[in-house]
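Asker: Quick one: this structure, given as structure tokens, is what I'll be asking you about.
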Amino acid sequence: MISILLPTRNEPLAHILVANIREAMKEISELYEIVAVDKSDDGTYERLKDMKVTVIRQKTEGLGGALLEGFLAAQGDVVITMDADLSHDPKYIPSFIEKARESFDVVIGSRRMPGGGIVGWSWRRKLISFGGNFVGRKVAGVNISDLTSGYRLYKRNVIEGIRLDEVKSTGYSFQLEILARSIKKGFKVEAVPIVFHDRLQGRSKLSKRQWLDFLATALRVRFGRLN
């Protein structure tokens with residue numbers, strides 16, 4: 001089974017993404033489930049429930065907390081994580097699955113490789129993303145083309161092997177820490193190109209505090225202090 005995991009806090013277009021995912025999954029013969037982790041008060045929980053999505057109320061804080069809760073709830077042999085603001089196009093899901101079948105354990109949707117790209121970002125947002133990837137590669141030493149991307153596939157053995165109870169990051173830096181832990185454990189990581197489209201509604205959760213936490217996580221990775 002394939003689990004598709006969506007953090008849906010303050011994401012008013014999540015129901016449109018669910019419909020798009022279901023359309024894309026017609027190309028894949030395997031069973032799948034959609035799991036949303038929600039902490040909204042805008043009716044998202046009810047809308048997704050009406051669409052027969054598995055929705056759990058988020059009890060923790062931040063993106064990392066939502067993903068950790070979702071990992072524990074997901075039933076699939078692989079788990080695909082996506083932003084719920086329509087930035088991540090479900091049409092790329094088959095390419096993620098194909099890489100997983102080639103024996104890769106973690107697959108990253110990369111905006112920064114041939115065939116990938118970004119549509120609709122301001123120069124400031126591009127600079128922030130570039131900075132995050134630069135810090136991740138040069139400070140943390142995680143040599144992946146787009147290590148801040150949230151469009152990913154994890155095999156079940158990764159989720160079980162990296163000790164989720166030891167993960168400290170709760171926000172933006174979760175993406176870096178989980179990837180660093182996967183590489184440290186010897187799991188095979190590959191990337192596939194994606195074109196990322198800026199959100200149409202809702203608001204970004206990235207703040208100065210999140211950025212500082214990302215830098216602190218990079219330093220923890222650099223000096224071997226993940227545990």
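The values are calculated or read from the model by the stated rules, or taken from the named source; none is laboratory data. Note that the structure is predicted; figures quoted are calculated from it, not measured. Note: ideal-geometry Cβ built from the backbone for every residue, glycine included; neighbour counts use all protein chains shown. Note: accessible area is taken over every heavy atom of the protein model, side chains too, but ligands, DNA and RNA are not part of it. Shrake-Rupley method; radii C 1.70, N 1.55, O 1.52, S 1.80 Å.
Asker: Please say if region 96-227 is rounded, prolate or oblate, where rounded means a/c under 1.5 for a ≥ b ≥ c the square roots of the C-alpha gyration tensor eigenvalues, and otherwise the choice is prolate for a/b larger than b/c and oblate otherwise?
Answerer: oblate
Asker: Taking amide H positions as placed 1.01 Å from N in the peptide plane, with prolines and chain starts having none, which residues 5 or more places from residue 9, or on another chain, fall under 5 Å of its amide H?
Answerer: Those qualifying (amide H under 5 Å, at least 5 residues apart or on another chain) are 39.
Asker: Taking amide hydrogens as modeled 1.01 Å from N in the peptide plane, which residues meet the under 5 Å criterion relative to residue 195, leaving out close sequence neighbours?
Answerer: 117
Asker: Over 27 Å between C-alpha atoms is what I'm after, so list which of 26/52; 39/188; 49/91; 99/184; 168/188; 39/99 land there.
Answerer: From the list (26/52; 39/188; 49/91; 99/184; 168/188; 39/99), the Cα-Cα distance tops 27 Å for 39/188; 39/99.
Asker: Measure of size requested: the Rg and Dmax of the chain, with Cα atoms as the atom set and Å as the unit; please supply both.
Answerer: Cα only, the chain: 16.2, 47 Å (Rg, Dmax).
Asker: Where the accessible area of region 66-184 is counted over protein heavy atoms with a 1.4 Å probe, how much of it, in %, is carbon and sulfur?
Answerer: 55 percent
Asker: Got a sec? What order do 153, 68 fall in by accessible area at 1.4 Å, biggest, i.e. largest, first?
Answerer: Putting 153, 68 in descending order of accessible area: 68, 153.
Asker: Sticking with this one: Where a ≥ b ≥ c are the square roots of the eigenvalues of the C-alpha gyration tensor, would you call region 1-90 rounded, which needs a/c under 1.5, or, failing that, prolate if a/b is larger than b/c, or oblate?
Answerer: Oblate is the answer for region 1-90, as a/c is 1.5 or above yet b/c matches or exceeds a/b.
Asker: Pull up all non-local amide H partners of residue 33: gap of 5 or more, or a different chain, and H-to-H distance under 5 Å with H placed in the peptide plane.
Answerer: 2, 3, 4
Asker: Once R0 is set to 35 Å, what does the formula 1/(1 + (r/R0)^6) return for the Cβ-Cβ distance between residue 164 and residue 123, expressed as a FRET efficiency to the nearest 0.05?
Answerer: 0.45
Asker: Sticking with this structure for a sec: Under the Karplus relation 6.51 cos²θ - 1.76 cosθ + 1.60, θ = phi - 60°, what is the ordered set of whole-Hz ³J(HN,Hα) values for region 103-108, x standing for Gly and Pro?
Answerer: 5, 7, 8, 10, 10, 9
Asker: Is region 63-119 rounded, prolate or oblate when judged by the Cα gyration tensor, a ≥ b ≥ c being the square roots of its eigenvalues, rounded requiring a/c under 1.5 and prolate requiring a/b larger than b/c?
Answerer: Since a/c reaches 1.5 but b/c is at least a/b, the shape of region 63-119 is classed as oblate.
Asker: Just to be sure I follow the definition: excluding the sites themselves, where is the longest run in the chain that has none of the GluC sites (Glu not before Pro) in a DSSP loop with at most 13 other Cβ atoms within 10 Å?
Answerer: In short, 103-227.
Asker: Taking 0.36 nm per residue of separation and subtracting the Cα-Cα distance, what length does fully extending residue 27 through residue 222 add?
Answerer: Answer, rounded to one decimal: 66.1 nm.
Asker: Follow-up. Across all directions of projection, what mean area in square nanometres is found for the Cα convex hull of region 43-153?
Answerer: Averaged projected hull area, Cα only: 9.0 nm².
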